[in-house]
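The values are calculated or read from the model by the stated rules, or taken from the named source; none is laboratory data. Since we're looking at a predicted model, the values are computed, not measured. Please note: Cβ atoms are built from the backbone with ideal geometry, for glycine as well, and neighbour counts cover all protein chains shown. Only protein heavy atoms, including side chains, enter the accessible area calculation; ligands, DNA and RNA are left aside. Shrake-Rupley method; radii C 1.70, N 1.55, O 1.52, S 1.80 Å.
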Amino acid sequence: MNTTASYHPPPSSQPPFSDSDLDSDSDSENFQVGSDLSNSIFKTYLEFSSSSSSSSSSSITAVDLSKIQSFLTSSSSGALSCLICLERIRPSDPTWSCSSLCFAVFHLLCIQSWARQSSDLSAARAAARLPITAETAAKQATWNCPKCRSSYSKSEIPRCYLCFCGKLRDPPSDNPWILPHSCGEICNRPLPNNCGHFCLLLCHPGPCPSCPKSVKARCFCGSVEDFRRCGFKNFSCNKLCKKRLDCNKHNCSEICHPGTCPPCRARETYRCRCGKKEEEKDCCDRDYRCENECKKLLNCGKHVCERGCHGGDCGECPLQGNRTCPCGKRIYEGMPCDGVAPVCGATCNKLLNCGFHRCPERCHKGPCVETCRTMVKKACWCGGLKKEVPCYQDLSCERKCLRMRDCGRHACKRRCCDGDCPPCSEVCDKRLRCKNHKCPAPCHRGACAPCPIMVTISCACGETHFEVPCGTEMDQKPPKCRKLCKITPLCRHASTSKPHRCHYAACPPCRAPCEEEYPCGHKCNLRCHGPRPPPNPEFTLKPKKKKSNHQTECTPGTPCPPCPELVWRPCVGEHFGAERMMVCSNTTRFSCDNLCGNLLPCGNHYCTKTCHPLETQPSSSGHQKRSESCEVCNLPCQKVRMPKCSHPCPLPCHPGECPPCKVLMKRSCHCGAMVHAFECIHYNNLSEKDQVAARSCGGPCHRKLPNCKHLCPEICHVDKCPAPDKCSKKVTVCCKCQTLKKEWICQDVQAAYRDTGNDPKDIPKNQFGLGLLPCNSDCKRKIQEVESALQLRKPKVLEKKEPENKKHGPKRRKRRDRIQEGKQVSRFQEFVATMKRLLLFIIIVAALIAVTYYSYKGLLQLSDWMNEVELQRAKRRRSRF
């Protein structure tokens with residue numbers, strides 16, 4: 001629960017201040033010295049003007065002293081700057097101040113250089129434009145104040161360092177109780193308005209205030225008399241003026257005013273000068289002329305007045321007395337006024353309007369020709385063209401003047417310029433030294449005038465302020481104000497914050513701890529960074545401040561930074577012993593280097609990934625964060641099926657029991673004659689007895705008996721065939737030469753082999769029963785017959801092979817003969833082929849030479865033909881012209 005404590009200031013006369021108000025000793029001493037200087041300077045003036053107790057006089061006094069007070073504040077705070085170099089004016093620097101309008105202070109060296117350059121430039125312009133010598137132009141040259149542009153003569157260029165009032169040369173700068181650049185004596189300069197009194201202030205910068213003496217004065221209209229300050233003795237009584245106007249008929253109807261009364265505006269009907277027309281006019285416009293001619297009869301009684309509307313007598317007839325011809329060469333005496341003077345017949349010879357030639361016509365009535373048509377040789381204004389033209393016609397060329405104007409940057413570019421190029425009409429628009437404005441003057445030569453704008457630097461309450469030249473406000477120190485700041489803090493410590501003095505720009509930051517609670521439950525331990533009241537926009541820019549070496553903890557007006565407290569955080573996999581200490585506001589989840597180790601969805605294996613989130617977890621900010629899933633198990637199913645079978649599960653690793661095995665099992669019958677196909681699940685679910693019954697083919701056993709070559713006579717059965725020695729099949733028994741043959745029962749044959757000491761199993765099947773019978777005489781005779789037949793066959797085979805070997809000899813010889821004949825034929829063919837190749841090469845060379853010759857000859861003929869065509873074309877063109 002937050003508690004707020006009210007602040008009660010101590011009962012002492014001096015209010016408490018915050019830490020930001022503790023200034024250095026030098027600043028406080030400067031402020032005290034500045035306040036003492038202003039009190040000492042205004043002391044005499046305030047004592048003299050204290051006799052006037054009216055509120056109007058006190059307000060007038062404050063207005064008079066405001067500009068001087070601003071000068072004093074700027075001087076005492078070190079904010080006085082030179083407009084020319086924009087550098088700070090130190091107390092020991094020689095200065096000069098304008099005494100016309102602005103009273104600005106400049107460095108003496110800067111104003112001397114400025115005045116010399118300006119006067120030299122004005123003298124050069126005057127010598128180039130006016131018909132005067134350079135010496136005369138240098139004597140009459142003037143220079144202007146850089147700020148108010150007041151004009152000074154060349155003799156008024158300052159040559160020495162004087163105080164503000166001009167009485168003391170090189171005033172001291174080491175006395176802390178005297179204003180810098182001041183003599184410390186009474187100013188004693190004549191006050192404005194030429195009242196005859198003198199300034200009572202100590203030597204001071206700026207204009208002298210109005211005269212504080214009280215005199216008896218009348219208002220502007222003279223109807224009211226009152227005691228007034230001498231500097232403001234001219235006043236208005238705010239009543240009607242009632243002065244007699246110039247018409248001596250009406251009175252002034254304006255409120256009491258200075259100067260002469262305005263023209264009378266009373267409306268009445270008045271006649272014009274000739275008296276023919278009446279109009280309603282203002283009294284000030286009563287004497288007017290109409291637009292008609294006079295037409296009154298003159299004294300001669302024959303002519304009328306041809307003058308416009310006028311007053312008084314029309315005068316005598318202009319045609320009376322001696323008269324002349326129109327050209328004035330012949331005089332006629334005693335001629336009546338109504339007679340027409342004849343022409344003399346001589347040349348008119350009157351000077352024409354051009355001023356150079358005379359009228360070539362005979363004496364004539366009326367005006368001469370207006371345009372002189374005499375042909376003269378004229379030159380244009382720039383002198384680049386000379387031509388004979390009529391006298392009345394001006395000659396000008398189209399050539400542009402390339403001379404540079406006075407600015408030295410732009411050319412004249414006038415057509416046919418006479419050499420007197422006008423001043424440059426472009427705007428200078430150069431960036432001034434203040435770097436905030438551009439030169440608004442016409443384009444000129446030399447340095448631009450300093451920026452005339454003055455910037456006011458003020459405290460927050462606006463009561464302490466001073467003016468500095470534009471461009472130097474960033475280098476000035478803010479004014480020191482002793483009053484309390486009236487701005488209410490905007491942070492949460494407004495009720496407990498300490499008051500501070502009036503300041504420049506924004507209020508200082510609050511130094512109390514923030515202690516605002518985070519959503520996590522911790523509190524902010526930084527210095528208060530709540531919103532700060534903005535600076536008053538009516539005041540000037542902020543001055544440059546020294547960069548602090550330490551960085552601020554938090555920017556004022558920003559929310560609290562993230563919570564910096566340290567807490568223990570588990571890894572994303574929540575492994576035991578893998579916790580880390582992290583910043584509370586750091587919601588970044590980390591992964592340890594251990595394996596995940598969590599059971600996969602298959603329920604048979606474990607995750608081998610590096611530590612990662614297992615499922616969707618709520619974050620500290622309140623919203624859900626999607627986590628990374630465990631790896632997918634890609635291993636085959638390794639479970640043992642129930643009932644057991646040799647087939648693996650076809651599915652990948654999965655939870656729960658495996659599906660029934662539907663694999664078809666091939667099982668032969670017991671005798672091997674037939675193959676049965678069973679479903680694994682069906683076959684394995686049968687008992688051993690049912691499996692034996694299911695595998696039986698139901699037919700006779702097709703297995704051979706072990707002691708003979710016969711098949712088992714029983715039905716398909718398991719294990720060995722029963723009674724293999726009891727075979728009842730018949731077997732053919734023969735002697736060794738297979739001449740004698742008999743049929744025995746198989747079991748007798750087996751018994752016979754056993755009697756001879758042989759096992760029936762060892763007897764090959766194709767020799768089963770062979771040699772059991774003894775051979776007789778028939779068997780021996782048959783063997784002899786076979787051997788004799790073989791003997792007869794051997795010689796016949798040898799005789800047949802010998803003639804075949806003899807036939808191969810002649811064939812080889814013939815082949816050799818053919819090869820030799822072929823070799824002889826090929827040599828002749830090679831010679832013929834060589835001759836053919838040589839002939840072909842000669843033909844190709846001759847063809848190439850012929851083609852080259854005839855192509856060159858053709859090109860020469862083509863070139864000759866083209867030349868002939870060109871000559872024919874040229875002749876045709878000449879014949880046309």
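Taking the numbered list (1) in a loop (DSSP other than H, G, I, E, B); (2) open to solvent by 90 Å² or more (accessible area, probe 1.4 Å) in turn, residue 280 passes all entries but (1). Does the stretch 578-586 contain any residue that is surrounded by 14 or more Cβ atoms within 10 Å (Cβ to Cβ), without any contact (Cβ under 8 Å) to a residue 40 or more places away in the chain and in contact with a Leu (Cβ under 8 Å, 6 or more places away or on another chain)? Within the stretch 578-586, one or more residues are surrounded by 14 or more Cβ atoms within 10 Å (Cβ to Cβ), without any contact (Cβ under 8 Å) to a residue 40 or more places away in the chain and in contact with a Leu (Cβ under 8 Å, 6 or more places away or on another chain). Checking each residue in the stretch 727-775 for being of a type in the set (A, V, I, L, M) and closer than 15 Å to residue 705 by Cβ picks out 731, 745, 749, 751, 763.
All but one of (1) small (Gly, Ala, Ser); (2) surrounded by 13 or more Cβ atoms within 10 Å (Cβ to Cβ); (3) free of Cβ contacts under 8 Å to residues at least 12 places away in the same chain hold for residue 123; state the number of the condition that does not hold. Tallying (1) small (Gly, Ala, Ser); (2) surrounded by 13 or more Cβ atoms within 10 Å (Cβ to Cβ); (3) free of Cβ contacts under 8 Å to residues at least 12 places away in the same chain, residue 123 fails exactly one: (3). For the structure I just gave you, tell me whether residue 680 is open to solvent by less than 60 Å² (accessible area, probe 1.4 Å), at pLDDT 85 or above and within 30 Å of residue 633 (Cβ to Cβ). So residue 680 fits the description; yes.
Would you point out which residue out of 415, 431 is more than 39 Å from the chain's Cα centre (by Cα) and free of Cβ contacts under 8 Å to residues at least 24 places away in the same chain? Give the steps one after another, and end with the answer.
Numbers: 431 fails: more than 39 Å from the chain's Cα centre (by Cα).
Every option except 415 fails the conditions.
Going through (1) over 19 Å from residue 444 (Cα atoms); (2) open to solvent by less than 30 Å² (accessible area, probe 1.4 Å); (3) within 46 Å of the chain's Cα centre (by Cα) one by one, residue 115 falls short only on (1).
In the stretch 145-172, which residues are of a type in the set (Gly, Ala, Ser) and not in a loop (DSSP other than H, G, I, E, B)?
Step one: of the stretch 145-172, the residues of a type in the set (Gly, Ala, Ser) are 150-151, 153, 155, 166.
Scanning the stretch 145-172 gives 151, 153, 155.
Considered as a group, the residues in the stretch 438-451 that are touching a strand residue (DSSP E or B) at 6+ places or on another chain (Cβ under 9 Å) and touching a residue at least 40 places away in the same chain (Cβ under 8 Å) include one that is surrounded by the fewest Cβ atoms within 10 Å (Cβ to Cβ), and that residue is 449.
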